[in-house]
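The values are calculated or read from the model by the stated rules, or taken from the named source; none is laboratory data. Owing to the predicted nature of the structure, the values given are computational and were not obtained by experimental measurement. With ideal geometry, Cβ positions are generated from the backbone for all residues, glycine too; neighbour counts draw on all protein chains shown.
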Amino acid sequence: MGERKLMKGNEAIAEGAVRAGCRFFAGYPITPQNEIPEYMSWRLPQVGGTFIQAESEVAAINMLFGATACGTRTMTSSSSPGISLKQEGISYCAGARLPIFYANVVRGGPGLGNIAPAQSDYYQATRGGGHGDYRVYVMAPGSVTEMANFPRRCYEVGFKYRIPTMILADGLLGQMMEPVEFDFEPIDPAALPEYDWTLGVRNGRPRRRVKSYDLAPGKMEEFNFQLEKIYEEIAAKETLCETQFCEDADLILTGYGSAARVCKSAVAMARKAGLKVGLIRPITVWPFPKKIFAEAAEKTKKFLVVEMSLGQYIDDVQLSILGKARIELHKRPAGGIPTAEEVFELVKKMLGGV
Amino acid sequence: MKKVFERTKGLTEIPMRYCPGCGHGVVHRLVAEVLEELDVLDRSVAIAPVGCSVFADEYFNCDAIQGPHGRGPAIATGIKRVKPECIVFSYQGDGDLASIGMAETIHAANRAENITIIFINNAIYGMTGGQMAPTTLLGMRSTTSPHGRTVEANGYPFKMCELLATLEGAVYLERCSVHTPANVLKCRKAIKKAFTYQIERRGFTMVEIISQCPTDWEMTPLNAIEFVKTKMIPYFPLGVIKSPEKKESPKSKEELVNA
């Protein structure tokens, strides 16, 4: 803590996970996230952990399924097509209440797409992603320092509520270098509490089962309602959001992750030009900070959404504002990165050609 | 009165849901007896597949996990790597192990994961109602090969033990059956060997068990046993395919190809 170190985003997320107690990583190569498994391959053995280069993303997520069932803090990472492959396993973990942790360093799609930064996996991340009614706790970092510090929060939320958690980054955040400051001391997994659901040596305790099925009539419905309650509690207690200058704003700029960085620069330009522009940056995109948007829309009647996808994030903004303000969208999908200048131009236009 | 026999502690009291004449129940008991005999029930973790034995996590009296179709070896890998003191076994059918989970099976074996797979080969998808399996015999009818499996349409049935025997990491591979009492006893021995090798941390072990499925073969249990004897075993020869006690495979490559 206190020490600043220059790190690449992907390395920061890996180091952050290890410091947060991660002791098992399984993954498969894919650009632009390769620094994560590469880092883990030498770093985990230093702390007595296990790194496995799996035969596929599918195998990797199932290795996590097993290791997490034993109570270990685990991690896998991938980029868009690889995360698609992991969705079956993520759904099983949601059903079996296993707090796996993973990162999606998003690239352009659909299909093989490209290796440029994108935010086009927003729906997949925030709507569960795989089959079934479930949610994943999704943190969207906007800096390398956040990449480094968010894994700890993911483990804490994940193990508290027993749900999968993830970091939704992109190629830009993964590849860029920034000074990093950790906001926590390294966590020793041996000092963490024992859980009453983990598999392993029994020492006489009753046997335990980890499963995601229940064929008894009505049981799965009951379980889904239990999940819903947990999700509601997480939404009430674990939603995170950053705001700037919303109090007097005539227009609010909003985006998450890399798009939010651009928004921040545009806000600074606007304020300098005497325009009353604010910012809302969700830090968790599930749960979504609906209340903050709803309250802001009572006063501010113009919103400009900036996203590196074709209009996915805007859905959640609309669902929060419910028609109380005018919303416009600036979109740059599959490798297009918005500039602060182009956003500032749009801001000026929306505010009446100042 | 002196008790000379009792139900193994390796099984729970939950009644199994298998069809009459099915081999799963017999194999469950053999595995359970061996785990009890080796005194490792307290540190065993069972992995149940998707298929007829999906409820295996209910039946084995040890910690258990039920996972996605075919991913047992990957799940076992995750468990064993973080809990090396546990005895980890994946119980899988032919569709699970040799079709959807083929990659996980081969790679776990090749990594020499110190786990045991109990592989039930009954040449059919039982749970879903009798579709063609990767081990369905040529000419054998199923709901998706209604006129019999052909090489042209479906290729050849996989011989999993022989396939895995080429991998350095697979140390013990034996094929057994449970169609006669003598074969049941041989099978028990094989299962015990596999688990013993795991306890000794020798590497990947698998016992393939040729089993009968009267329901989806549309046969009486007796005819199903006859089918195992006259059709299955000639194609899937029984015996030790690879063992740490014999460095070389007991059969020559030519013999294996022609078997």
Q) Looking at the stretch B:225-244, which of its residues are part of a loop (DSSP other than H, G, I, E, B) and closer than 18 Å to B:LEU30 by Cβ? A) B:LEU238
Q.
Among the residues of the stretch B:38-58, are any over 18 Å from the mean Cα position of the chain (by Cα) and away from chain A (no Cβ under 12 Å)?
A. yes
(Q) Restricting to the stretch B:172-224, give me the number of residues that are assigned to a helix (DSSP H, G or I) and among the hydroxyl-bearing types (Ser, Thr, Tyr). (A) 3
(Q) Checking A:PRO186 against (1) in contact with a Lys or Arg (Cβ under 8 Å, 6 or more places away or on another chain); (2) within 19 Å of A:THR74 (Cβ to Cβ); (3) buried (at least 17 other Cβ atoms within 10 Å of the Cβ); (4) of a type outside the set (A, V, I, L, M, F, W, C): exactly one of these is not met. Which one? (A) (3)
Q | Condition check for B:GLU168: in contact (Cβ under 8 Å) with a residue 12 or more places away in the chain and acidic (Asp, Glu) | A | yes
**Q.** Members of the stretch A:82-139 found to be among the β-branched types (Val, Ile, Thr) and under 15 Å from the mean Cα position of the chain (by Cα), listed by number
**A.** A:ILE83, A:ILE90, A:ILE100, A:VAL105, A:VAL106, A:THR126, A:VAL136, A:VAL138
**Q.** Lone qualifier among A:ALA297, A:ALA266 - being touching a helix residue (DSSP H, G or I) at 6+ places or on another chain (Cβ under 6 Å), buried (at least 18 other Cβ atoms within 10 Å of the Cβ) and either hydroxyl-bearing (Ser, Thr, Tyr) or over 30 Å from A:ASN114 (Cβ atoms) (or both)
**A.** A:ALA297
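Which of the residues spanning the stretch A:182-229 are β-branched (Val, Ile, Thr), within 30 Å of B:GLY10 (Cα to Cα) and out of contact with any Leu (no Cβ under 9 Å at 6 or more places or on another chain)?
A:THR198, A:VAL201
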Q: Could you check the stretch A:16-109 for strands (runs of 3 or more DSSP E) lying wholly inside it with 2 or more residues that are within 14 Å of chain B (Cβ to nearest Cβ) and surrounded by fewer than 24 Cβ atoms within 10 Å (Cβ to Cβ)?
A: A:50-53
Q. Residues in the stretch A:38-52: is at least one free of Cβ contacts under 8 Å to residues at least 40 places away in the same chain and within 20 Å of B:VAL50 (Cα to Cα)?
A. no
Q. Only one of (1) surrounded by 24 or more Cβ atoms within 10 Å (Cβ to Cβ); (2) over 18 Å from the mean Cα position of the chain (by Cα) is not met by B:SER145, so which one is it?
A. (1)
Q: Name, by its number, the condition in (1) touching a residue at least 12 places away in the same chain (Cβ under 8 Å); (2) surrounded by fewer than 24 Cβ atoms within 10 Å (Cβ to Cβ); (3) not in a loop (DSSP other than H, G, I, E, B) that does not hold for B:ALA108.
A: (2)
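Every residue in the stretch A:191-213 that is among the hydrophobic types (A, V, I, L, M, F, W, C), within 11 Å of another protein chain (Cβ to nearest Cβ) and in contact (Cβ under 8 Å) with a residue 12 or more places away in the chain, please.
A:TRP197, A:LEU199, A:VAL210
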Q) If you take the residues of the stretch B:61-86 that are under 15 Å from A:SER56 (Cα atoms) and facing chain A (nearest Cβ under 7 Å), which of them is surrounded by the fewest Cβ atoms within 10 Å (Cβ to Cβ)? A) B:PRO68
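Going by the conditions given, is A:GLY278 among the small types (Gly, Ala, Ser) and in a loop (DSSP other than H, G, I, E, B)? Break it down into steps so the answer makes sense when it comes.
Numbers: among the small types (Gly, Ala, Ser): yes; in a loop (DSSP other than H, G, I, E, B): no.
Criteria not met by A:GLY278.
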**Q.** Residue identified as out of contact with any Cys (no Cβ under 8 Å at 6 or more places or on another chain) and either closer than 26 Å to A:GLU178 by Cβ or of a type outside the set (D, E, K, R) (or both) among A:THR68, A:THR31
**A.** A:THR31
Q: Starting from residues that are small (Gly, Ala, Ser) and buried (at least 19 other Cβ atoms within 10 Å of the Cβ), keep the ones in the stretch A:300-331 and report whichever is nearest to A:ALA270 (Cα to Cα).
A: A:ALA325
**Q.** Count of the stretch A:146-165 residues which are part of a helix (DSSP H, G or I), over 12 Å from A:ILE230 (Cβ atoms) and not aromatic (Phe, Trp, Tyr)
**A.** 9
Q) Tally time: how many residues in the stretch A:119-157 are among the aliphatic types (A, V, I, L, M) and in contact with a Pro (Cβ under 6 Å, 6 or more places away or on another chain)? A) 2
Q: Residue by residue through the stretch A:250-271, note down the ones that are among the aliphatic types (A, V, I, L, M) and either in a strand (DSSP E or B) or farther than 15 Å from A:LEU346 by Cβ (or both).
A: A:LEU251, A:ILE252, A:LEU253, A:ALA260, A:ALA268
(Q) Please list, ordered by residue number, the helices (runs of 4 or more DSSP H) wholly in the stretch B:20-94 having 3 or more residues that are of a type outside the set (D, E, K, R) and under 23 Å from A:ALA26 (Cβ atoms). (A) B:72-82
Q: Go through the residues of the stretch B:98-107 one by one and say whether even a single one is away from chain A (no Cβ under 13 Å) and at pLDDT 95 or above.
A: yes
Q: State all residues of the stretch B:186-231 that are on the phi < 0 side of the Ramachandran plot, of a type in the set (Gly, Ala, Ser) and touching a strand residue (DSSP E or B) at 6+ places or on another chain (Cβ under 8 Å); if no residue qualifies, say none.
A: B:ALA190, B:ALA194, B:SER211
Q: Quick one: count up the residues across the stretch A:211-248 that are at pLDDT below 95 and either hydrophobic (A, V, I, L, M, F, W, C) or touching a His at 6+ places or on another chain (Cβ under 8 Å) (or both).
A: 2
Q | Condition check for A:TYR155: closer than 22 Å to A:LEU240 by Cα and either modelled with pLDDT under 95 or of a type in the set (Ser, Thr, Tyr) (or both) | A | yes
